[in-house]
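Computed from the coordinates by the stated procedures, all read-outs in this text should not be read as laboratory data. Quantities reported herein were computed from a predicted structural model and do not represent experimental measurements. Backbone-built Cβ (ideal geometry, glycine too); neighbour counts: all protein chains shown.
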Amino acid sequence: MRLPARGRAGGKVILLGEHAVVYGYPALAGGLPTGLEVELAPGAGPTVRSEAIDLAGDPRPLGALEEAAALTGIDAAGIEARVRTELPVGRGLGSSAALVVALLRACAAAAGRRLAPEEEVALGRRLEARFHGTPSGIDPAAAALGGCLRFVRGDPPQIAPITPGAPLPLVLAFGEASRRTATAVAGVRERWQRDRSACEALFERIGEVVTRGVLALRRGDLPALGACFDENQTLLERLGVSTPEIERLVAVARAGGALGAKLTGGGGGGAVVAVAADAPALAAALERAGARTLRVTL
Ligand code: PMV
């Protein structure tokens, strides 16, 4: 085994289509340059350590390390995994997906090999289930592949890279911490079991918004993409995954010049993503309203 070994992966932002993607509708996501690194070193392991994340009492990262080691053919005994992250945790930016992909890359490096992108997507999805129950797999796909992609769940998923027709400036704003994604997904499932036709009508409309959004992104038509963000937010509100704090930040973003704004990820708190015409001015407006912000261009 080759130690120390390193693996890095980026976070992700879901631009359009969260929740409906769990039911087989398309979604649009972007990989973030901001990410997370895992270093495997000899130590008193298997163990996972992080200065930024409190791992006490959370068995999931250690379970993910052990499974990543088994999947890549190395022995986890005696390995210490050190995690350094630039991603805010629990804010819907895919830190768990970035963690599992970075763990897989580090374990593969320790085994002296590289995983093919399809393997990273498939194994990442398997490991991510430890964190998110029955995820669609969009998070590890975006973490592993980067760039913008249209995703439809499946075995294997359908993944199409999208080249934006123009740079896409985004401002992310963080208010309160989100619910666990598994809880948000379970909430939607309960609702769907109670009222299938209403939920499926919303998923259908979300799928249509994604299709229009993908075309707008390809053309580089930011106002049209922004309008899709606004429409998607309305549909997510109807689905019951938005909160008053998200809606306050969405309103601040729109008043601050955003071309469109919505929640991103599981909802129930978490981050808002806005298409920016003037990113510094938009970020300043959101910060005046008490939010922490992150500016990225995809
Ligand atoms: O909360 P996040 O960013 O991990 O987003 C999950 C996206 C969902 O569509 C809500 C769930 C999924 O598995 O696709």
Over the chain, the sum of -39500 (n - 2.57) across DSSP H runs of at least four, divided by residue number and rounded to 500 deg cm²/dmol, gives at 222 nm -14500 deg cm²/dmol
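If you average 1/r over every pair of different alpha-carbon atoms in segment 10-99 and take one over that average, what Kirkwood value in Å do you get? Please list the in-between numbers first.
Values: mean 1/r = 0.0691 Å⁻¹.
One over the average 1/r among Cα pairs gives 14.5 Å for segment 10-99.
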To the nearest 20 debye, what charge dipole does segment 170-294 have about its Cα centre, counting +1 at the Cβ of each Lys and Arg and -1 at the Cβ of each Asp and Glu?
220
Could you tell me which residue out of Leu286, Leu87, Ala144 lies farthest along the dipole of the chain toward its positive end? Charges go on the beta carbon: Lys and Arg +1, Asp and Glu -1, centred on the Cα centre.
Ala144
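Under the rule a/c < 1.5 gives rounded, and otherwise a/b versus b/c splits prolate from oblate, where does segment 96-163 land using the Cα gyration tensor? Walk me through the intermediate numbers first.
On the way: a/c = 1.93, a/b = 1.31, b/c = 1.47.
In terms of gyration-tensor shape, oblate.
Tell me the relative contact order for segment 207-298 as a rounded percent, counting alpha carbon contacts under 8 Å between residues six or more apart. Mind dumping the intermediate values first?
Values: 123 pairs, mean separation 21.6, N = 92.
Rounded, it is 23 percent for segment 207-298.
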What percent of all Cα-Cα pairs in segment 192-298 falls into each 10 Å bin, going from 0 up to the bin containing the maximum distance?
15, 44, 32, 8, 1
Defining a contact as two alpha carbons under 8 Å apart and six or more residues distant in sequence, what relative contact order in percent does segment 109-179 show?
20
What FRET efficiency do you get for Ala186 and Arg126 if R0 is 22 Å and r is their Cβ-Cβ distance, rounded to the nearest 0.05?
0.65
More than 31 Å apart - percent of Cα-Cα pairs taken over the chain:
26
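What ranking do 218-227, 18-27 get when scored by the average of other Cβ atoms within 10 Å per residue, highest first? Present the calculation step by step, with values, prior to reporting the outcome.
Values: 218-227: 17.6, 18-27: 23.7.
So the peptides 218-227, 18-27, ranked by packing, come out 18-27, 218-227.
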Give me P(r) over segment 1-154, computed from all C-alpha to C-alpha distances, binned every 10 Å, as integer percentages.
13, 45, 32, 9, 1
Testing the spin-label approximation: label points 7 Å from Cα along Cα→Cβ at Thr134 and Gln193. State their distance in nm.
1.0
Label zone at Ala277 (point 7 Å along Cα-to-Cβ), backbone N below 14 Å, segment 213-255:
222-227, 253-255
Can you give the Rg to Rh ratio of segment 57-143, both from alpha-carbon atoms, with Rh computed by the Kirkwood formula?
0.93
quick shape note, segment 211-274: Cα extents on principal axes in Å, largest first -> 33, 24, 16
Please report Rg over Rh for segment 144-238, where both radii come from the alpha carbon positions and Rh follows the Kirkwood definition.
0.99
Please give the Cα centre distance for segment 93-145 versus segment 37-92, rounded to the nearest Å.
13
